[in-house]
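Contents: one structure, followed by commentary.
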Amino acid sequence: MRVTVVLPTYNESRNLRQMAEALWALPLGLDILVVDDGSPDGTGAIAETLAAERPGRLKLLQRGAKLGLGTAYIAGFQHALDSGAEAVVQMDADFSHSPEYLPEMIEALTKYDVVVGSRYVPGGRLDPRWGQGRVWLSAWANVYARTLLGIRVHDATAGYKVWRADALRDLGLERIRSNGYVFQVEMAYVAERLGYRILEYPIYFEDRRIGQSKMSLGVKFESAWRVWQVGLRHRGLKPRDQV
């Protein structure tokens, strides 16, 4: 199976090489697509070096400015699909999403349309270094989104997912408009509304090894009210066999 890992980056110069090498060490033969939003710390230059070292194994989509997580993923997904990927992985470059889970998550695509790396199913765990406030806010965000939208996935805000290419293509990327962290909620909601087969795979969510989280408190509260927009936008979606 031809697998492409989409890594959106902004100031990940100290993580990118380690992450690329960890991914290439897996028994998958996967390719990497780095979508960099003009990182001032030289992340793009490191991606270019890696691409030269591993011709054909890493590509760089350099956007030149910080345009948002959602648009970074949409651009990366479309590029991966256009390049012939059969499975597309979305994950962070900071090791909060461990590459070690990928072989089993990808194997599960034989039975599912999307596999979610989940913190909130049996076997899933959060890094104990998280403070209580951060733990509470993450849990609240998931309960809020699941309750408001009726999402069955326990980790509705999960950013670690593996998609079958045909499912990602049929989802209709043009209908996804969220450009912040609520992007993850919108993707999960649309996938459920379309009747996709979804598996939650338990993961240990490690706190980022190097650097600082880009998720400010203001962004979190903005995401909360944007969940309402997601519900209004997609409430009429139905599986194709019910249309």
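The values are calculated or read from the model by the stated rules, or taken from the named source; none is laboratory data. These figures come from a predicted structure and were not determined experimentally. As a convention, Cβ positions derive from the backbone with ideal geometry for all residues, glycine included, and neighbour counts pool all protein chains shown.
One residue is enough: does the range 148-156 have a residue meeting the conditions surrounded by fewer than 20 Cβ atoms within 10 Å (Cβ to Cβ), basic (Lys, Arg) and modelled with pLDDT under 95?
Taking every residue of the range 148-156 in turn, none turns out to be surrounded by fewer than 20 Cβ atoms within 10 Å (Cβ to Cβ), basic (Lys, Arg) and modelled with pLDDT under 95.
If we keep just the residues of the range 78-132 that are of a type in the set (Asp, Glu) and surrounded by 15 or more Cβ atoms within 10 Å (Cβ to Cβ), which is nearest to residue 57 (Cα to Cα)?
If we take residues in the range 78-132 being of a type in the set (Asp, Glu) and surrounded by 15 or more Cβ atoms within 10 Å (Cβ to Cβ), then 86 is nearest to residue 57 (Cα to Cα).
Under the condition of being assigned to a helix (DSSP H, G or I) and touching a residue at least 40 places away in the same chain (Cβ under 8 Å), which residue from the range 125-141 is farthest from residue 88 (Cα to Cα)?
The residue in question is 137.
Just to be sure I understand the filter: pairs with C-beta atoms under 6 Å, separated by 6 or more residues or on different chains, first member in the range 42-71 and closer than 15 Å to residue 7 by Cβ, second member acidic (Asp, Glu) and in a strand (DSSP E or B). Which pairs pass?
Between residues of the range 42-71 that are closer than 15 Å to residue 7 by Cβ and residues that are acidic (Asp, Glu) and in a strand (DSSP E or B), the close pairs are 43/36; 44/36; 57/31; 62/36.
Determine which member of the set 122, 103 is within 18 Å of residue 28 (Cα to Cα) and out of contact with any Lys or Arg (no Cβ under 8 Å at 6 or more places or on another chain).
103
Looking at the range 142-180 only, could you name the residues that are more than 13 Å from the chain's Cα centre (by Cα), in a loop (DSSP other than H, G, I, E, B) and charged (D, E, K, R)?
Those that are more than 13 Å from the chain's Cα centre (by Cα), in a loop (DSSP other than H, G, I, E, B) and charged (D, E, K, R): 152, 177.
From the set of residues in the range 26-38 that are more than 19 Å from the chain's Cα centre (by Cα) and either free of Cβ contacts under 8 Å to residues at least 60 places away in the same chain or outside any loop (DSSP other than H, G, I, E, B) (or both), which is surrounded by the most Cβ atoms within 10 Å (Cβ to Cβ)?
Ranking the qualifying residues of the range 26-38, first place goes to 38.
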